[in-house]
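Worksheet for the structure shown next.
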Amino acid sequence: MSVYKKIQFDCKHFRGSTPCKPNKERGKVCDTCNEYKPFDKRILIIKLGAIGDVIRTTPLITGFKKLYPDCHITWMTHSPDVLPKDEINEILTPDFLSFYKLENTAFDIALNLDKETEACALLARVNSKEKFGYILQNQHIAAATPAGEHKLVTGLFDNLSRQNTKHYLDEIFEICNLKFEGEKYLINFNLSLADEWNSVREEAHGKKIIGLNTGCGVRWQTRLWPRESWVELIQKLQDSGYYPVVLGGKDEDDVNSYYVQATGCFYPGHFPLDEFIALVSHCDVVVTTVSMMMHIALALDKKLVLFNNIFNAHEFHLYGQGEIIEPTSGCDCYYGNTCTRTRHCMSDISVATVFDSIKKLAH
């Protein structure tokens, strides 16, 4: 028999066009190799979405691996840099070659958790024995199975969304015929970059580092906490022996520079995603609105003070690591990006309430 006919193409070590690890490191070949192990399931996850949405979907990796320890996972996303590469066999970005590859690959399980038409259309075209999530049917978005109907309708009708009491992780695990059992977020964490930010701890001189994520992106401006509240909180933290660090991206650079001028607090600047994650890893407590930062903090097991006004608080699962603070007057603009009030509801979140929550979580 030729060497070619002895190749175990279904082995988890098979790399396609280059020597596998057992061959490269130990000189083994398929017909005599005792490290052969086939994949038991091939799984495709389509989660293009925002970075935070991608991070909060990663517990599914652990969920599937509990059920299928030797599964092969392919993930398609716009945010490949945030995914844990050691936990995923193949990470694809949406382009012609990736679409062509998926259309010519057979999967045991394929799921799409985005409601965008292109993602739903892709799930419809993929060859898979089972399909979960959202799919394109009869020219419209539909639930691929009855398990997906609940989350689809709560996204379509505000009154049903307000009544929902399930958090996101329970919902997506149910959609995939799994049971959520506390599986944690996974993230691509660069330990070397984190070590480079040890200077933050040195500058803090033993004080608890409180990361203050002052922005909320450009879409949902109704989530912003007033500038004067941030300034008051920073000063109160400084006076009480904490080390506040203002954080954000390029969009928050001007306002964070303003906080430095007003309080003298530390602002390291804005950085690429991997370095930003490394910086956040040094915080003891993170204060943020519902944003990408929320999911980064949870993935890093940080204590979290979460501002929420326009969303259903039941949607968020904080793993017992934090507290949700909402305006005492409630909020009138559910999932809205404009406020109908003369006095914005976020102004009703007091500095004292936020400080007390930080103090409780920091000790």
Does Thr105 satisfy being at pLDDT below 95 and in contact with a helix residue (DSSP H, G or I) (Cβ under 6 Å, 6 or more places away or on another chain)? no
Gly182 - would you say it is closer than 27 Å to His363 by Cα, assigned to a strand (DSSP E or B) and at pLDDT 95 or above? no
In region 125-163, how many are among the hydrophobic types (A, V, I, L, M, F, W, C), outside any strand (DSSP E or B) and surrounded by 12 or more Cβ atoms within 10 Å (Cβ to Cβ)? 6
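Yes or no, residue by residue, for (1) of a type in the set (Phe, Trp, Tyr); (2) outside any loop (DSSP other than H, G, I, E, B); (3) over 22 Å from Glu116 (Cβ atoms); (4) out of contact with any Gly (no Cβ under 9 Å at 6 or more places or on another chain):
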site: Ser2; (1), (2), (3), (4): no, no, yes, yes
site: Lys5; (1), (2), (3), (4): no, yes, yes, yes
site: Pro19; (1), (2), (3), (4): no, no, yes, yes
site: Lys24; (1), (2), (3), (4): no, yes, yes, yes
site: Asp40; (1), (2), (3), (4): no, no, yes, yes
site: Leu48; (1), (2), (3), (4): no, no, no, yes
site: Thr62; (1), (2), (3), (4): no, yes, yes, yes
Is at least one residue of region 96-113 in a loop (DSSP other than H, G, I, E, B), of a type outside the set (S, T, N, Q) and under 22 Å from the mean Cα position of the chain (by Cα)? yes
Quick one: what pairs do we get from region 97-110, first residue more than 9 Å from Asn127 (Cβ to Cβ), second of a type in the set (A, V, I, L, M) and outside any helix (DSSP H, G or I), C-beta under 7 Å, 6+ apart or different chains? Ser98/Met76; Ser98/Leu92; Asp108/Ile43; Ile109/Ile43
From Cys339, Cys345, Cys333, residue being at pLDDT below 95, buried (at least 20 other Cβ atoms within 10 Å of the Cβ) and over 22 Å from the mean Cα position of the chain (by Cα): Cys345
Can you tell me which of (1) in a loop (DSSP other than H, G, I, E, B); (2) over 24 Å from Phe157 (Cα atoms); (3) at pLDDT 95 or above is the one Ser357 doesn't meet? (1)
Within region 185-246, which helices (runs of 4 or more DSSP H) (wholly inside it) include 1 or more residues that are under 21 Å from the mean Cα position of the chain (by Cα)? 191-196
Pick from Leu237, Leu247, Leu318, Leu304: which is surrounded by fewer than 18 Cβ atoms within 10 Å (Cβ to Cβ), in contact with a helix residue (DSSP H, G or I) (Cβ under 8 Å, 6 or more places away or on another chain) and modelled with pLDDT of 95 or more? Leu318
Of all residues in region 265-277, how many are more than 18 Å from the chain's Cα centre (by Cα) and in contact (Cβ under 8 Å) with a residue 24 or more places away in the chain? 3
Flag if Thr328 is more than 30 Å from Asp239 (Cβ to Cβ), modelled with pLDDT under 95 and part of a loop (DSSP other than H, G, I, E, B): no
Which one of the conditions (1) more than 26 Å from Ser350 (Cβ to Cβ); (2) touching a residue at least 24 places away in the same chain (Cβ under 8 Å) does Gly215 fail to meet, given that it meets all the rest? (1)
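The values are calculated or read from the model by the stated rules, or taken from the named source; none is laboratory data. In this text, all values refer to a predicted model and were calculated from it rather than measured experimentally. For neighbour counting, all protein chains shown are included, and Cβ atoms are generated from backbone atoms with ideal geometry for every residue, glycine included.
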